[in-house]
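Report on the following structure.
The values are calculated or read from the model by the stated rules, or taken from the named source; none is laboratory data. In this text, all values refer to a predicted model and were calculated from it rather than measured experimentally. Here the Cβ is made from the backbone with ideal geometry for all residues, glycine too, and neighbour counts use every protein chain on show.
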Amino acid sequence: MKKVITYGTYDLLHYGHIRLLERAKALGDYLIVGITTEDFDKRRGKINVKQSLAERIEAVKNTGLADEIIIEEYEGQKIDDIKRYGIDVFTVGTDWKGHFDYLKDYCEVVYLERTEGVSSSEARAERRKVRLGYIGDNRVIEKYRSESAFVNGIEQAGVFTEDPRFAENLEKGGTPVCSELEELLNDCEAVYIESHPSKHYEHVSMALKAGKHVLCESPISLSLKQYKELEDLAEQKHLVLMDSLKTAYATAYNRLLLLVKSGEIGDVLSVDSTCTSLYEINNNEPDARYSWNSICAWGILAMLPVFQILGTDYESKDMVSLMSDSIENYDLFSKIDFRFKDAVATVKAGKGVKSEGELIISGTKGYVYVPAPWWKTDYFEVRYEDIEQNKRYFYQLEGEGIRYELVAFANAVEKGKSDTSYIERNITEEIIKVVEDFYDNKHECIKK
């Protein structure tokens, strides 16, 4: 029996895919189709895959052309598969011509002509046309504009900022700047909001009332009541309202969560998360009013793994903040201790103070160590009592997770719902509740 193997993403399965599979099957007696995982696609630069792995497997299965379907997850797997399955012919489209010639040492390699005028990339771009505007006063806006260029189907609109110095820099770089928010909202379908947290409720509300989808940096608002109002408004208008925390979309971070939840380190008893940066601000400077305090800039991010691993049903919370004596509601450093029924967690966040920005998840069988800065990690370790069992994991991080977040947002816009967000609504609500307690002074304050 002559065995043939081929690989692909098979996103938005179309006639070109089917023709390629038909011709691959004609090369032998038994066709094995390898379908790539989302993580492997990301590492290959294909970050705008539309369908889930399960949907793509089902689509290929329904063609009736594959005798066997396997999953491609890692670099070098093709050689392993050819040896494991006793493959006689490896085949892919001519757009990869020459790329897999190294496989000729293991089997015959055949490049098949692709069907002209049919492309998944074109189909994705055609189906997802999101004109994205930007609201904010921070250089993060520039990062999002840059990274959105890698996401198929997102079009750039202008920027609305209330910071004249930031506006001047943008204009020098050729970025269109809108003098009024209404001007921007008239020129886009969706917005990314990175304005000061005290402005989030106002900006999100205006965008939703104008019929625009919203991706907003966390916290979406400074009170739970306001957030629920915004959620209700989004639902009434059938708009997407998504919480933006780019780390949630990073490959390494997601793999870490899966390992922990699978029981790799046993029962989790403690999560320790630290996020800090050396940043000093002078209250007399013009940018003082645009500066995020520690709880919003770092505390929210530090809380993310706590709530995603241990849940939001904690029994008690103790928060202590070292406050600035010159800027209102500005904490230089905050420490939060959470007590759960069977676990504890500690969160440290600071601007103007520096500590080891690591994440440690302690379990009954071992622990996960993520080195600083853990929120940008492409690497983590699982450590055990017997150090010979320790494991290291490496995953490529593109654009700090921003690209993947924008893909999820664009998918949500097309579907008209926020179910592609990696941050569950109860976590968004719990983060806002903690922030609200801070602003309501329901914590211990120490004046510097």
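Here's a check for you: in the stretch 73-106, which residue that is hydrophobic (A, V, I, L, M, F, W, C) and free of Cβ contacts under 8 Å to residues at least 40 places away in the same chain is farthest from V4 (Cα to Cα)? I'd like the intermediate steps shown before the answer.
Pass one, the stretch 73-106, residues hydrophobic (A, V, I, L, M, F, W, C): 79, 82, 87, 89-90, 92, 96, 100, 103.
Checking the rest, the ones that are also free of Cβ contacts under 8 Å to residues at least 40 places away in the same chain come to 79, 96, 100, 103.
Numbers: I79: 13, W96: 17, F100: 15, L103: 13 Å.
Here the residue is W96.
Tell me which residues, restricted to the stretch 204-221, are of a type outside the set (G, A, S) and buried (at least 21 other Cβ atoms within 10 Å of the Cβ). Full working, then the answer.
Filtering the stretch 204-221 for residues of a type outside the set (G, A, S) gives 204, 206, 208-209, 212-217, 219-220.
Across the stretch 204-221, the qualifying residues are V204, L208, K212, H213, V214, L215, C216, E217, P219, I220.
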Query raised in the report: Under 6 Å by Cβ, and 6 or more places apart or on different chains, what pairs join a residue from the stretch 399-413 that is under 15 Å from V140 (Cβ atoms) with one that is small (G, A, S) and assigned to a helix (DSSP H, G or I)?
Result: L406/S148
Query raised in the report: Which residue, of R383, R425, R403, is outside the structural domain of D267 (by TED's automatic domain parsing) and basic (K, R)?
Result: R403
Requested in this report: Answer yes if at least one residue in the stretch 418-432 is modelled with pLDDT of 90 or more and assigned to a loop (DSSP other than H, G, I, E, B), and no otherwise.
Outcome: yes
**Report entry** Hits in the stretch 257-295 - residues which are out of contact with any strand residue (DSSP E or B) (no Cβ under 7 Å at 6 or more places or on another chain) and either at pLDDT 90 or above or part of a strand (DSSP E or B) (or both)
**Finding:** L257, K261, S262, G263, W292
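Listed here are the residues, each with its yes/no results for (1) touching a helix residue (DSSP H, G or I) at 6+ places or on another chain (Cβ under 6 Å); (2) basic (K, R); (3) not in a loop (DSSP other than H, G, I, E, B).
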{"position": "I135", "(1), (2), (3)": "yes, no, yes"}
{"position": "Q156", "(1), (2), (3)": "no, no, yes"}
{"position": "V159", "(1), (2), (3)": "yes, no, yes"}
{"position": "R165", "(1), (2), (3)": "no, yes, yes"}
{"position": "A207", "(1), (2), (3)": "no, no, yes"}
**Report entry** Residue that is modelled with pLDDT under 90 and either under 23 Å from F438 (Cβ atoms) or in a strand (DSSP E or B) (or both), where the choices are E414, E381, E328, E400
**Finding:** E328
Requested in this report: May I ask you to verify whether F90 is hydrophobic (A, V, I, L, M, F, W, C) and at pLDDT 90 or above?
Outcome: yes
Query raised in the report: In the stretch 210-233, which residues are touching a helix residue (DSSP H, G or I) at 6+ places or on another chain (Cβ under 7 Å), more than 30 Å from V370 (Cβ to Cβ) and either modelled with pLDDT under 95 or not aliphatic (A, V, I, L, M) (or both)?
Result: K212, H213, S223, Q226
Query raised in the report: Which residues, taken from the stretch 335-378, are at pLDDT below 95 and either over 29 Å from S324 (Cα atoms) or outside the structural domain of F307 (by TED's automatic domain parsing) (or both)?
Result: T377, D378
Requested in this report: Exactly one condition in (1) touching a residue at least 12 places away in the same chain (Cβ under 8 Å); (2) out of contact with any helix residue (DSSP H, G or I) (no Cβ under 6 Å at 6 or more places or on another chain) is not met by E388; state its number.
Outcome: (1)
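Listed residues L332, L359, L322; which is of a type in the set (A, V, I, L, M, F, W, C), closer than 18 Å to T251 by Cβ and buried (at least 17 other Cβ atoms within 10 Å of the Cβ)?
Working: L332 fails: closer than 18 Å to T251 by Cβ; L322 fails: closer than 18 Å to T251 by Cβ.
That would be L359, the only listed residue that is of a type in the set (A, V, I, L, M, F, W, C), closer than 18 Å to T251 by Cβ and buried (at least 17 other Cβ atoms within 10 Å of the Cβ).
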Report summary line: Of the residues in the stretch 171-187, those that are in contact with a strand residue (DSSP E or B) (Cβ under 6 Å, 6 or more places away or on another chain), in a helix (DSSP H, G or I) and closer than 13 Å to G133 by Cβ come to L181, L184
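Residues to consider are K78, K83, K61; find the one that is assigned to a helix (DSSP H, G or I), out of contact with any strand residue (DSSP E or B) (no Cβ under 9 Å at 6 or more places or on another chain) and at pLDDT 90 or above.
Working: K78 fails: out of contact with any strand residue (DSSP E or B) (no Cβ under 9 Å at 6 or more places or on another chain); K61 fails: out of contact with any strand residue (DSSP E or B) (no Cβ under 9 Å at 6 or more places or on another chain).
The unique qualifying residue is K83.
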